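Please read the structure below before turning to the comments.
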Amino acid sequence: MTALNHQWDYPRPHILHTHVQAADIDGLNHTNNVVYVDWCQRAAWAHSEAVGLNLDCYRELDRAMVITHSEFEYLRASQQGDEVMAATWIVEWDQKLTMARHFQV
């Protein structure tokens, strides 16, 4: 499945492409939940860099995006060898620089 024919929750996602590795598998023989969190974090950083905000920029601004709340809804497990796409969007922001980022894996 490619990003072009996948139904995303929002238009124009920033997508991290990856594969489930042997080290990602837990004792129940599927991808450990911590790996999903890591994929989302990697997608968020890649998206930030794609719009011109790398770590050096955040340091210069003395500001950065931080997680203040996270919630995951797991619909099905992934397994070793599966291709995974982690998509992300900034879905809202206000004048105080508060933003909400959503993910879909």
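The values are calculated or read from the model by the stated rules, or taken from the named source; none is laboratory data. Nothing here was measured: the structure is a model prediction, and the numbers come from that model. Backbone-built Cβ (ideal geometry, glycine too); neighbour counts: all protein chains shown. SASA here: full protein model, heavy atoms, side chains in, ligands and nucleic acids out. Shrake-Rupley method; radii C 1.70, N 1.55, O 1.52, S 1.80 Å.
So here's what we get for this one:
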| read-out | value |
| --- | --- |
| Restricting the range 72-88 to residues that are polar (S, T, N, Q) and in a loop (DSSP other than H, G, I, E, B), the residue that is most open to solvent (accessible area, probe 1.4 Å) | Gln80 |
| Residues of the range 19-44 that turn out to be of a type in the set (S, T, N, Q), surrounded by fewer than 18 Cβ atoms within 10 Å (Cβ to Cβ) and either within 8 Å of the chain's Cα centre (by Cα) or outside any loop (DSSP other than H, G, I, E, B) (or both), as a count | 2 |
| Test: residue in the range 76-88 that is free of Cβ contacts under 8 Å to residues at least 40 places away in the same chain and on the phi < 0 side of the Ramachandran plot | yes |
| Residues satisfying the stated conditions in the range 45-71, i.e. charged (D, E, K, R), exposed (fewer than 13 other Cβ atoms within 10 Å of the Cβ) and within 25 Å of Asp94 (Cβ to Cβ) | Arg59, Glu60, Asp62, Arg63, Glu71 |
| Subset of the range 93-105 [open to solvent by 100 Å² or more (accessible area, probe 1.4 Å) and either farther than 20 Å from Trp45 by Cβ or touching a His at 6+ places or on another chain (Cβ under 9 Å) (or both)] | Gln95, Lys96 |
| Failed item in (1) at pLDDT below 95; (2) surrounded by 11 or more Cβ atoms within 10 Å (Cβ to Cβ), with Thr2 passing the rest | (2) |
| Residue check, Met85 hydrophobic (A, V, I, L, M, F, W, C) and under 16 Å from Tyr10 (Cα atoms) | yes |
